[in-house]
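Just below is one structure, and these are the notes that go with it.
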Amino acid sequence: MVRLGLLAVLLLLSPPLRLAAGSPAEAISWMQADLPPQSIIDGELAGQGWSDQQMRALFPLLPGFDHRIVQGSLGRIWYDMAHRDGVCFNGAARNAERESFAVFSHRPILVPSYRVIIRAEETGRFTGFLDSRGAIDLDRLAEQTGLAGGYTAGREHFPAINRFLQNPKRHTRLEKAVSTSQLFNLLHGGRLDFIISSPVEAPYYKARFHLEGAFASLPIRDDAASIKGYVACSKGPLGRAVIARIDALLDDNARWAAYLEPLGRWMEPKDFADALAQKPEETPVTQ
């Protein structure tokens, strides 16, 4: 796999688009939330999230702007983007409401959605719940009395997971954790048999807490395989200008591959290959 140093070299080979001499730099606020391993704000892994590294590679290629990183909650990110120009966020989910005040990059990153995470050495305990494609059937898992699982409170899930969590006839014991870090420590310590989490979080918490052993992830039957994360900017002249520059760079396949290189540390090989194969999308006329 291409290493990070080469990522910067490949991206910097692109000739930057320059403003006329003497043009003042416009301030762009790049919002950053604590969403490891997309962005990592604290601890020994701080700055090693894939979004952290992508922004550092992009800024030199977007001249004419004064790029500033501003930390805040997801609520603040979307509020600021809706109320002023020059606000951007790398890794944004897209919906109709947000399209009313934001513009999105052509090419999204595919991030695997929530899965059942287990200790790798206990894969055999779950084979009876898998379908022919290797996806776990949560309805069948709900009938099991000998397993204990966990999930993070306050997270939004797709229908198959919600059905499992809310199933009044479920026999499988579930614990609700305040933080994802708590879940991974309980799983590693054998207090839980499985957790519902994103597979990109497994290598992060393994590295953060120096956990031994390996985790395995099982896709969930009838659930979305992945979610899309875009670069989003405010829907004003500044935001549109930033997205246009980014599209001009990342619509090129070689630069896209370099841009995605930091994800390789956090994704399973198949998930990374799927992300790499993602093509530019049509830009809606609403933009």
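The values are calculated or read from the model by the stated rules, or taken from the named source; none is laboratory data. Small disclaimer: the values here were computed from a predicted structure and weren't measured. A quick note on method: Cβ atoms are made from the backbone with ideal geometry, for glycine too, and the neighbour counts reach across all protein chains shown.
At least 1 residues being touching a helix residue (DSSP H, G or I) at 6+ places or on another chain (Cβ under 6 Å), modelled with pLDDT of 95 or more and farther than 28 Å from residue 64 by Cα is the threshold, and among the helices (runs of 4 or more DSSP H) wholly inside region 176-284 those reaching it are 180-188, 201-208, 269-276. For residue 54, the test of being touching a residue at least 60 places away in the same chain (Cβ under 8 Å) and within 15 Å of the chain's Cα centre (by Cα) is passed.
Just for strands (runs of 3 or more DSSP E) wholly inside region 96-172: which have at least 1 residues that are polar (S, T, N, Q) and over 19 Å from residue 222 (Cα atoms)? Give the derivation first.
On the way: elements: 102-104, 109-112, 115-119, 148-152.
Output list reads 148-152.
Scanning region 201-213 for residues that are surrounded by fewer than 20 Cβ atoms within 10 Å (Cβ to Cβ) and of a type outside the set (Lys, Arg) turns up 203, 207, 209, 210, 211, 212, 213.
Got a sec? Which of 119, 155, 133 is at negative phi, modelled with pLDDT of 95 or more, in the same structural domain as residue 202 (by TED's automatic domain parsing) and out of contact with any Asp or Glu (no Cβ under 7 Å at 6 or more places or on another chain)? Don't jump to the end; show me each part of the working.
Values: 155 fails: modelled with pLDDT of 95 or more; 133 fails: modelled with pLDDT of 95 or more.
Among 119, 155, 133, only 119 is at negative phi, modelled with pLDDT of 95 or more, in the same structural domain as residue 202 (by TED's automatic domain parsing) and out of contact with any Asp or Glu (no Cβ under 7 Å at 6 or more places or on another chain).
Comparison of 202, 224, 214, 177 shows that the only residue that is among the small types (Gly, Ala, Ser), farther than 22 Å from residue 77 by Cα and out of contact with any Phe, Trp or Tyr (no Cβ under 9 Å at 6 or more places or on another chain) is 214. Only one of the numbered conditions (1) of a type in the set (D, E, K, R); (2) closer than 25 Å to residue 155 by Cβ; (3) out of contact with any Phe, Trp or Tyr (no Cβ under 6 Å at 6 or more places or on another chain) is not met by residue 121, and that is (2). The C-beta contact set for region 243-261 (first residue in the same structural domain as residue 52 (by TED's automatic domain parsing), second residue of a type in the set (Val, Ile, Thr) and in a loop (DSSP other than H, G, I, E, B), distance under 9 angstrom, 6+ apart or interchain) comprises 247/283; 257/2; 258/2; 261/2. Against the test of being within 30 Å of residue 59 (Cα to Cα) and surrounded by fewer than 20 Cβ atoms within 10 Å (Cβ to Cβ), the options 216, 244 yield a single qualifying residue, 244. Is there a residue in region 112-126 that is over 26 Å from residue 206 (Cα atoms) and of a type outside the set (S, T, N, Q)? Within region 112-126, not a single residue is over 26 Å from residue 206 (Cα atoms) and of a type outside the set (S, T, N, Q).
Selection within region 110-150: residues that are surrounded by fewer than 17 Cβ atoms within 10 Å (Cβ to Cβ) and among the hydroxyl-bearing types (Ser, Thr, Tyr). The member of this set that is farthest from the chain's Cα centre (by Cα) is 145. When residue 46 is tested against (1) assigned to a strand (DSSP E or B); (2) surrounded by fewer than 21 Cβ atoms within 10 Å (Cβ to Cβ), only condition (1) is not met. Is it the case that region 79-91 has a residue that's exposed (fewer than 15 other Cβ atoms within 10 Å of the Cβ), within 18 Å of residue 241 (Cβ to Cβ) and not polar (S, T, N, Q)? Looking for residues that are exposed (fewer than 15 other Cβ atoms within 10 Å of the Cβ), within 18 Å of residue 241 (Cβ to Cβ) and not polar (S, T, N, Q), one finds at least one in region 79-91, hence yes.
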